[in-house]
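S.K.: Have a look at the structure that comes next, please.
The values are calculated or read from the model by the stated rules, or taken from the named source; none is laboratory data. For clarity, every value in this text was computed on a predicted model and none was experimentally measured. Cβ: placed from backbone, ideal geometry, glycine included. Neighbour counts: every protein chain shown.
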Amino acid sequence: MNNYWKGKKVLITGINGFIGGNLAKQLSMLGADIFGLIRNKKPSTYLSYENLLSKVTLIDGELVDKDLIVRIISEEQINNVFHLAAQVEVGVGLKNPFLTFESNVRGTYSILEAIRLFPDSIESIVIASSDKSYGSYSEDKMPYKENYPLKPIYPYDVSKACADMISRSYACDVYNLPIVVTRFSNIYGPGQLNFSAIMPDAIRSALGFTTFIPRGDGSQIRDFIFVEDVVQLYLVISEKLSRNPIKYSGEIYNAGTNKPLSVRKVIEKIYENIGNYKDLENVIKLMSKKKTIGEINCQYMDFQKVNQFFGWEPKHSFELGLDKTIKWYEKYLKEIQ
């Protein structure tokens with residue numbers, strides 16, 4: 001894999017996010033030439049904290065600006081694209097569906113149309129989707145399978161399903177773009193600085209920096225996959241796709257651990273790892289009085305297909321990934337105080 005990525009020109013949308021940042025870190029170690037599209041400069045990102053800004057070229061602009069993306073693709077002769085940028089907050093999707101559709105749907109067809117116009121240098125396009133594209137299935141239908149019909153209802157979920165179908169359209173025999181759609185479970189790990197997400201929010205609170213405010217009763221079932229495992233899978237899929245687009249293009253790949261946990265259990269494991277049992281009691285009491293609205297009740301994934309195609313499986317148990325994540329936040333939160 002190292003030989004493949006050396007000198008490759010890679011565009012990452014959503015590079016300011018923690019997944020994009022972790023991906024950029026690994027790609028820089030492999031010798032890739034990395035470009036990142038950012039909508040606005042943030043003072044605190046994983047890239048800046050890990051001293052990676054000098055190793056990437058950041059371009060200011062909107063994902064929906066097709067002309068800008070055309071210039072990036074054609075002038076920089078981009079080889080590999082990881083489309084990670086999205087409006088990812090379910091709550092924001094409920095409050096502002098228009099913004100969510102603009103970012104996640106229009107943003108996706110804007111970048112794919114730009115590539116369609118200048119495809120010559122492109123070797124692979126990986127589209128980051130979500131398990132939420134499937135919509136709600138009963139627990140006995142879990143884990144989600146790639147051939148399940150998409151039946152989302154809520155705005156964020158619908159936006160990701162639309163982006164999936166658009167992507168597969170650009171991969172069809174009319175346009176033949178080398179595209180793979182990935183649907184992963186909840187990704188966590190170092191660098192997730194969106195503290196509305198359950199893992200960083202609970203970790204920060206358990207460490208005593210804030211007070212945790214539960215958003216529901218914690219009964220929702222979810223699957224959590226560590227970001228280092230996700231990055232390795234992205235790299236494997238992208239390289240394989242570039243080497244054999246006929247075999248892989250248009251495929252959908254799920255990835256999770258197939259070891260679901262309730263949100264309440266995740267919160268308990270976080271507080272117990274840190275040894276904050278007193279605050280955990282209060283959090284559990286608060287959760288018992290809450291009810292979650294606008295979210296799917298049960299979601300988790302396995303890795304059967306990606307294992308069959310690529311020999312991939314997650315290397316981190318939840319406990320190992322959580323331990324690494326908490327150690328990172330302990331250091332980060334102390335340093336930014």
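S.K.: For the list (1) more than 29 Å from Pro214 (Cβ to Cβ); (2) at pLDDT below 95; (3) touching a strand residue (DSSP E or B) at 6+ places or on another chain (Cβ under 9 Å), I need the number of the one condition that Phe35 fails.
M.R.: In the conditions (1) more than 29 Å from Pro214 (Cβ to Cβ); (2) at pLDDT below 95; (3) touching a strand residue (DSSP E or B) at 6+ places or on another chain (Cβ under 9 Å), Phe35 misses (2) alone.
S.K.: If you don't mind, there's one more thing I want to ask. Residues that are assigned to a loop (DSSP other than H, G, I, E, B), of a type in the set (D, E, K, R), in contact with a strand residue (DSSP E or B) (Cβ under 9 Å, 6 or more places away or on another chain) and over 22 Å from Asn96 (Cβ atoms): does segment 158-172 have at least one?
M.R.: No, segment 158-172 contains no residue that is assigned to a loop (DSSP other than H, G, I, E, B), of a type in the set (D, E, K, R), in contact with a strand residue (DSSP E or B) (Cβ under 9 Å, 6 or more places away or on another chain) and over 22 Å from Asn96 (Cβ atoms).
S.K.: Do you know which residues across segment 53-66 are of a type in the set (A, V, I, L, M), under 22 Å from Tyr332 (Cα atoms) and in contact with a strand residue (DSSP E or B) (Cβ under 9 Å, 6 or more places away or on another chain)?
M.R.: Result: Val56, single match.
S.K.: Something else now. Would you check which residues across segment 206-234 are in contact with an Asp or Glu (Cβ under 7 Å, 6 or more places away or on another chain) and modelled with pLDDT of 95 or more and list them?
M.R.: Ala206, Leu207
S.K.: For segment 123-157, how many residues are farther than 24 Å from Gln304 by Cβ and modelled with pLDDT of 95 or more?
M.R.: Of the residues in segment 123-157, 1 are farther than 24 Å from Gln304 by Cβ and modelled with pLDDT of 95 or more.
S.K.: Among Val70, Val56, which is the only one that is under 20 Å from Leu193 (Cα atoms) and in contact with a Phe, Trp or Tyr (Cβ under 8 Å, 6 or more places away or on another chain)?
M.R.: Unique residue meeting the criteria: Val56.
S.K.: For residues that are surrounded by 18 or more Cβ atoms within 10 Å (Cβ to Cβ) and touching a residue at least 24 places away in the same chain (Cβ under 8 Å), tally how many sit in segment 143-157.
M.R.: Here the count works out to 6.
S.K.: Kindly indicate the residue of segment 310-327 that is surrounded by fewer than 15 Cβ atoms within 10 Å (Cβ to Cβ) and small (Gly, Ala, Ser) and also farthest from Leu207 (Cα to Cα) among those meeting that condition.
M.R.: Gly311
S.K.: Taking segment 232-251 on its own, how many of its residues are in contact (Cβ under 8 Å) with a residue 60 or more places away in the chain, in a loop (DSSP other than H, G, I, E, B) and either crowded, with 21+ Cβ neighbours inside 10 Å or of a type outside the set (Asp, Glu) (or both)?
M.R.: Result for segment 232-251: 2.
S.K.: Sort out which residues of segment 199-208 are assigned to a helix (DSSP H, G or I), more than 14 Å from Phe226 (Cα to Cα) and not charged (D, E, K, R), and write them in order of number.
M.R.: Ala202, Ile203, Ser205, Ala206
S.K.: Would you point out the residue of segment 206-230, among those that are aliphatic (A, V, I, L, M) and crowded, with 21+ Cβ neighbours inside 10 Å, that is farthest from Leu84 (Cα to Cα)?
M.R.: Only one residue fits best here, namely Ala206.
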